[in-house]
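**Student:** Before I ask anything, let me first share the structure, which is written out below as structure tokens.
Taken together, the values in this text are just the output of simple stated rules run on the coordinates, not laboratory data. Note that the structure is predicted; figures quoted are calculated from it, not measured. Using ideal geometry, Cβ is built from the backbone for each residue, glycine included, and neighbour counts are taken over all protein chains shown.
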Amino acid sequence: MLKNLKLWTKLNLLLLTILAILTISISLLLSYALKDYAKNIIVERASILLETMTSVRNYTSTQIRPELASRLEEETLFIPQTVPAYSAREVFDSLRKNGKYSNFFYKEATLNPTNLRDKADKFEAEVVNALRENQKSQTQGFRSIPAGDLFYIARPIKITKESCLECHGIPSDAPKSQIATYGDTNGFGWKMNEVVGAQVISVPAWEIIKDVNNLRKLVLGVVLALLLPAILLLNLFLKLLITDPLNKMSSLSKKLSTGDMTVEFDREGKDEIGTLSGSLNRLKVSLKMAMDMIEDDKSKS
């Protein structure tokens, strides 16, 4: 089939094939590179927020709780601001009121919490149990919600201080205000060095992925905008300097084959087309000489 096509058509097919291969290759390379870039952004964003919440927990544990610890036995109701998990959750909920962060989530998911709002759901319970079994310092991945994909980072909440068991060991050791507020059923029985829950931060991945996809389309558009004019210029170059001269020579050669010796292959230059033109001119001279010799022989006979 290709043998029946004209050279100009074949050259254009070759250029279009090259363009298609370049476009697909660039698209695949961009997808791979930008996917990795997007993941790094998501991980960095989640890590910063998680470190911030950890700082809030540490501040509450070292600065707030010591100041209010004595009041836990005196107050009728428990003071939740003395609990690191409560402070971190409140700070994050305040952050989420900003529309920019409304799809971000933070929870100190616990298997047996004092405050039931910290109760781990099915997914969070699986994460906590995995951290308990594997003894990892962190786990991360993607999870789906109706709005789209979320990227989460989870770190274990491990009992490393004896002071934690004052409120979570046995009910009789707990502050009276805690028992009065939350009862003596939930949040007890914790043990030293036990992973009781996980800090889970979730950030929306779909927004960043959407931005990355838009960036990929933009880059592809720019590349095509540069490649298409280049291909058009190359096409024009091939037409003016190769296919048109060859077509002209082909037409003149047909006239020469019918005996028209007035044709002139006037292409100058040292390139292949110029060489071919010179060869055809010499062929014309040789052909004319041969025809003249044949005429002379006929006239003599």
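**Student:** Can you find, among I231, A174, S163, the residue farthest towards the positive end of the dipole of the chain? Put +1 on the C-beta of Lys and Arg, -1 on that of Asp and Glu.
**Tutor:** Comparing the listed Cα positions along the dipole, I231 ranks first.
**Student:** Full extension from A147 to L226: what is 0.36 nm times the residue separation minus their Cα-Cα distance, to one decimal in nm?
**Tutor:** Working: separation 79, 0.36 × 79 = 28.44 nm, distance 3.73 nm.
Extra length available between A147 and L226 comes to 24.7 nm.
**Student:** What is the gain in length, in nm to one decimal, between E207 and L77 on full extension, counting 0.36 nm per residue of separation less the C-alpha to C-alpha distance?
**Tutor:** Working: separation 130, 0.36 × 130 = 46.80 nm, distance 4.23 nm.
Contour length minus the Cα-Cα distance gives 42.6 nm.
**Student:** I'd like to know which of A205, S94, I48 lies farthest towards the positive end of the charge dipole of segment 45-205, counting +1 on Cβ of Lys and Arg and -1 on Cβ of Asp and Glu.
**Tutor:** Value: A205.
**Student:** Please give the helix 122-134 orientation as an angle from the longest Cα principal axis of the chain, in degrees from 0 to 90, rounded to the nearest 10.
**Tutor:** Its long axis makes an angle of about 90 degrees.
**Student:** Hey, another quick one. In what order do F237, F188 fall by count of nearby beta-carbon atoms within 10 Å, going from fewest to most?
**Tutor:** Working: F237 10, F188 18.
Neighbour counts put them in this order, fewest first: F237, F188.
**Student:** Cβ under 14 Å from S47's Cβ, S47 left aside: what net charge do those residues give with Lys, Arg +1 and Asp, Glu -1?
**Tutor:** Values: positive: K39, R45, R155; negative: E44, E51.
Counting the neighbours of S47, the net charge comes to +1.
**Student:** Dividing the convex hull volume of the alpha carbon atoms of segment 45-205 by its residue count, what do you get in Å³ per residue?
**Tutor:** On the way: hull volume 18.6 nm³, N = 161.
Here the figure is 116 Å³ per residue.
**Student:** Next question, about the same structure. Given an 8 Å cut-off on Cα distances and at least 6 residues of separation, report the relative contact order of segment 45-205 as a percent. Provide the component values of the computation, followed by the final result.
**Tutor:** On the way: 263 pairs, mean separation 47.3, N = 161.
Answer for segment 45-205 is 29 percent.
**Student:** Take the alpha carbon gyration tensor of the chain, find the square roots of its eigenvalues, order them as a ≥ b ≥ c, and report rounded if a/c is under 1.5; if not, report prolate when a/b exceeds b/c, else oblate. Don't jump to the answer; show the numbers that get you there.
**Tutor:** Numbers: a/c = 6.81, a/b = 5.60, b/c = 1.22.
It comes out prolate by the Cα gyration axes.
**Student:** Full-extension gain between I18 and K254, please, as 0.36 nm times their residue separation minus the C-alpha to C-alpha distance. Before the final figure, lay out each step's value.
**Tutor:** Working: separation 236, 0.36 × 236 = 84.96 nm, distance 3.44 nm.
Answer, rounded to one decimal: 81.5 nm.
**Student:** Cα-based Rg (one decimal) and Dmax (whole number) for segment 1-63, in Å?
**Tutor:** Reported Rg and Dmax, both Å: 26.5, 86.
**Student:** Here is a follow-up. Evaluate the distance, in nm, between pseudo-label points positioned 7 Å from the Cα of K161 and of S55 along their respective Cα→Cβ axes.
**Tutor:** Label at K161, label at S55, 1.9 nm between them.
**Student:** Over the chain, what relative contact order in percent results from Cα pairs under 8 Å that are six or more residues apart? Don't skip to the end; give the middle numbers.
**Tutor:** Numbers: 320 pairs, mean separation 55.9, N = 301.
This gives 19 percent for the chain.
**Student:** May I ask for log10 I(q)/I(0) of segment 169-239 at q = 0.28 Å⁻¹, from a Debye sum over the Cα atoms as equal point scatterers with solvent left out?
**Tutor:** Cα-only, vacuum Debye calculation for segment 169-239: -1.15.
**Student:** Right, here's the next one. Could you tell me how many degrees, from 0 to 90 and to the nearest 10, lie between the Cα long axis of helix 7-59 and the main elongation axis, the longest principal axis, of the Cα atoms of the chain?
**Tutor:** Helix 7-59 sits roughly 10 degrees off the main axis of the chain.
**Student:** While we're on this one: Assuming R0 = 51 Å, can you tell me the calculated FRET efficiency for the pair M291 and D36, based on Cβ-Cβ distance, to the nearest 0.05? Walk me through the numbers before you get to the answer.
**Tutor:** Values: r = 74 Å, r/R0 = 1.44.
Given R0 = 51 Å and the Cβ-Cβ separation, E is 0.10.
**Student:** Next up: Provide S163, S47 in ascending order of the number of other Cβ atoms located within 10 Å of each residue's Cβ, fewest first.
**Tutor:** On the way: S163 12, S47 15.
Fewest to most other Cβ atoms nearby, the residues stand as S163, S47.
**Student:** State whether segment 59-140 is rounded, prolate or oblate according to the following rule on the C-alpha gyration tensor (a ≥ b ≥ c being the square roots of its eigenvalues): a/c under 1.5 gives rounded; otherwise a/b larger than b/c gives prolate, and the remaining case gives oblate.
**Tutor:** Values: a/c = 2.07, a/b = 1.38, b/c = 1.50.
Oblate, because a/c is 1.5 or more while a/b does not exceed b/c.
**Student:** Quick check: the angle from helix 206-238's long axis to the longest principal axis of the chain, C-alpha only, nearest 10 degrees?
**Tutor:** Result, in degrees: 10.
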